[in-house]
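Everything on this sheet refers to the single structure shown next.
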Amino acid sequence: MKFCPNCDTRLKLTQDKNNSGVIMNLHCERCNFTVPSETNVTISESDNFNEQIKVVSDESDMTPLPTIEVDCPKCGNKEAYWWMLQTRGGDEPTTQFYRCIKCNHTWREYS
């Protein structure tokens, strides 16, 4: 993490275009101080990053998440995908999310 020598604000990594492509700079949003990044990456505009990723698979074989028998509060369907995330502090229990298989309604339950 780098700080501005003028105002001690944290410098933000930005992308600036020039004749040879895109240059990475460190920029202060408070006083507009700019310095080239030490780990500079130059990306030429001829590089094509807009290519689509193609997945070759039979979608019927893909099961993205485990399912559970639970009532959807929106449509009443009795099956939903579920997953857990740590949404609060590390000493707090995880949050369980559900997504209805039928209507895609998503809700959560705090443990």
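Please treat every number below as a calculation from the coordinates, not as lab data. Fair warning: this is a prediction, and the values are worked out from it, not measured in the lab. Reconstructed Cβ throughout: ideal geometry from the backbone, glycine too, with neighbour counts over all protein chains shown.
Looking at segment 61-110, I'd like the Rg to Rh ratio, where Rg is from alpha-carbon atoms and Rh is Kirkwood's inverse mean 1/r.
With Rg and the Kirkwood Rh in hand, the quotient comes to 1.03.
Counting Lys and Arg as +1 and Asp and Glu as -1, what is the net charge of the other residues whose Cβ lies under 15 Å from the Cβ of residue 3? Working shown, then result.
Numbers: positive: 2, 10, 12, 30; negative: 8, 29, 38.
Residues close to residue 3 contribute a combined charge of +1.
Just to confirm a number: summing +1 for Lys and Arg and -1 for Asp and Glu over residues other than residue 78 whose beta-carbon lies under 13 angstrom from that of residue 78, what do you get?
Numbers: positive: 74, 102; negative: 69, 71, 79.
That sum, taken over residues with Cβ under 13 Å, equals -1.
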